[in-house]
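The values are calculated or read from the model by the stated rules, or taken from the named source; none is laboratory data. All figures in this text were calculated on a predicted structure; none of them were measured in a lab. Methodologically, a virtual Cβ is constructed for each residue, glycine included, from the backbone with ideal geometry; neighbour enumeration extends over all protein chains shown.
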Amino acid sequence: MNSGAIDFDWARFGVVVGASLAATLVFLGITAVIGFRIGRHNVVDVTWGSGFVVIAAVSAAVGNGDLWRRLLVFALVAVWGLRLSGSLLRRTWGKGEDPRYTALLDKAPGNRTWAAITKIYLTQAPALWFVSLPVQVSAAAHGELWVFAVIGSIVWAVGLTFEAVGDWQMDRYKADPHRPPVMDRGLWRYTRHPNYFGDACVWWGIFLVCLTFWPTVATIASPIAMTYFLVFATGARLLEKHMATRPGYPEYQQRTSYFIPWPPKKAVA
């Protein structure tokens, strides 16, 4: 196929989707077994990033789209996903259950084990599948839009930097016994959620790398959904509610951008 050709293999896309779903269910099944054995279901948060790596690997292996794009997408997803899983593993190692999951299971009627399977583990499957749609679609697409791949890689790099540096700065802050009540140093001086902002950039970047023509354009719904969850649903908004009563946080909110990095406002006398 020549460099200007545009094509999409619907039959192979079906194979990619089927293989990805099967791999995702197996992966979540293994995650559930680990969670029940250690008595902590927050292991599903640790494996969240790795789940995308599994889907990217399967898509690259069974897809027949442009080889350079399949390999590039897999590399970008793998670097992001494995870093995220490693960071969360270090933070949760040796600690107890996440209060969110304890409260969820305490309120759930019926069998507690079945509630954990359906409300914690299986809910990850549609989220992983939907957000990773650009990866799956591009695995069956041909179309040499390398300019978007370059732009997307740059956006991905910006996002990964914000996420990794923000996490590292927060870890240093928590390790400081003389830390102030609110983290407002480094990237946290410009946005109250540099890690969530970085996460959103990563998936917008991956979408751009995956972009050829129809139907990859339609997968723009995936980074939109990811951004919505990071900003308004389970990410920044939920954390803001938790932090609202911490001393100094309302003042931090007044001077620091909520999501998109921006120079802080000057303190009002």
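Tyr121 fulfils the conditions (1) crowded, with 20+ Cβ neighbours inside 10 Å; (2) without any contact (Cβ under 8 Å) to a residue 24 or more places away in the chain except for a single criterion, (2). Taking the numbered list (1) within 18 Å of Val131 (Cβ to Cβ); (2) small (Gly, Ala, Ser); (3) crowded, with 21+ Cβ neighbours inside 10 Å in turn, Gly35 passes all entries but (1). Applying the set (1) in contact (Cβ under 8 Å) with a residue 24 or more places away in the chain; (2) assigned by TED's automatic domain parsing to the domain that holds Val73 to Ala149 leaves exactly one unmet item: (2).
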